[in-house]
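K.L.:
If you scroll down you'll find the structure; I have some questions about it.
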Amino acid sequence: MTTYEAAGHLDPRYRTVLVSSAALNIIMFFAEGAVGLVIGSAALIADAADFLEDSGIYSLAVLAIGWSARNRARAGAAMGCMMTGVGLVALWQVVERLLWGGAPSSLGMAATAATAVAVNLYCAIRLAPYKRGDASMRSIWLSTRNDAVLNALTIAAAGLVQLTASAWPDLTAGTIIAAVNLWAAGEILLHAKRELRARDAGRR
């Protein structure tokens, strides 16, 4: 890790990006969650929970900017735990929709997911210069990158819902959202654990 990558979180522009991204994500949590509940889309509800998680991650990252490297690694671990929670929420939404049944509105899914793609791409582009930092910075980058990909998947699922008049594409997208979030959470937790071990070894 270069000196810039190690201290990239101190760049004032990074804080600005985090604050604006947190605001956009909390707005999308309410907007996408409301649409998901109205049309009965497991994928949108799971993704709305992801926006809430991202808003928390960005806010935590702002607070952690001035922390020591060890505490920033701990913040990365906390973010990994938050991502795990989102994955479990997404799985629960899939189970709930399986029990209730019914196909969501494909147009509502596609339009909302397209808006989510735009928001996540905007955040990802602004965060790209900081993606090679520590566990905290990497967790933010991975989460935002994954979100943009998963939003595109939701748009594809909406098209399949329209073609098949079935809820299965929506449920499949919700399941994939859960799986990706759980996988990313595991990667972040492992990265943070390695950083903490390295810091402990350096203190001996």
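We did not get these values from a lab; they are worked out from the coordinates using the rules stated. No experiment lies behind these values; they were computed from the predicted model shown. Here the Cβ positions follow ideal geometry from the backbone for every residue, glycine too, while neighbour counts run over all protein chains shown.
K.L.:
Let me see the pair-distance distribution of the chain: every alpha carbon pair, 10 Å bin width, integer percents in order.
P.N.:
The distribution over the chain is 10, 37, 30, 16, 6, 1, 0, given as percents.
K.L.:
Please check which bits of region 43-77 a label hung off residue 190 would reach, taking the label as a point 7 Å along Cα-to-C-beta and the cut-off as backbone N under 16 Å.
P.N.:
Output list for this probe position: 77.
K.L.:
Another one. Could you give the dipole magnitude of region 1-154 about its Cα centre, charging the beta-carbon of Lys and Arg +1 and that of Asp and Glu -1, in debye to the nearest 20?
P.N.:
500 debye
K.L.:
Take every Cα pair under 8 Å in region 8-203 that's 6+ residues apart, average their separations, divide by the length, and report that relative contact order as a whole percent.
P.N.:
31 percent
K.L.:
Still on this structure: GluC sites (Glu not before Pro), restricted to region 1-107: which are DSSP loop and have at most 10 other Cβ atoms within 10 Å?
P.N.:
The qualifying sites: there are none.
K.L.:
Also, I was wondering about something else. If r is the Cβ-Cβ distance from residue 166 to residue 13 and R0 is 30 Å, what FRET efficiency results, to the nearest 0.05?
P.N.:
Taking R0 as 30 Å, the efficiency between residue 166 and residue 13 is 0.05.
K.L.:
Which FRET efficiency, nearest 0.05, do residue 67 and residue 152 yield, Cβ-Cβ r, R0 25 Å?
P.N.:
Calculated value: 0.15.
K.L.:
Another question, then. Over region 69-181, what relative contact order in percent results from Cα pairs under 8 Å that are six or more residues apart?
P.N.:
It rounds to 42 percent for region 69-181.
K.L.:
With helices defined as uninterrupted DSSP H runs, which ones in the chain have an alpha carbon span along their own long axis of at least 20 Å and mean Kyte-Doolittle hydropathy of at least 1.0? Working shown, then result.
P.N.:
Values: long enough: 12-39 (41 Å, 1.23); 42-64 (33 Å, 1.15); 69-100 (47 Å, 0.57); 106-127 (31 Å, 1.34); 135-164 (42 Å, 0.68); 168-203 (53 Å, 0.07).
Qualifying helices: 12-39, 42-64, 106-127.
K.L.:
Here is a further query. At 222 nm, what helix-only mean residue ellipticity would the chain give, in deg cm²/dmol to the nearest 500, using -39500 (n - 2.57) for each DSSP H run of four or more?
P.N.:
Rounded to the nearest 500, it is -30500 deg cm²/dmol.
K.L.:
Using a 10 angstrom cutoff on alpha carbons, build the Gaussian network for the chain and name the most mobile of 91, 121, 99.
P.N.:
Highest fluctuation among the options: 99.
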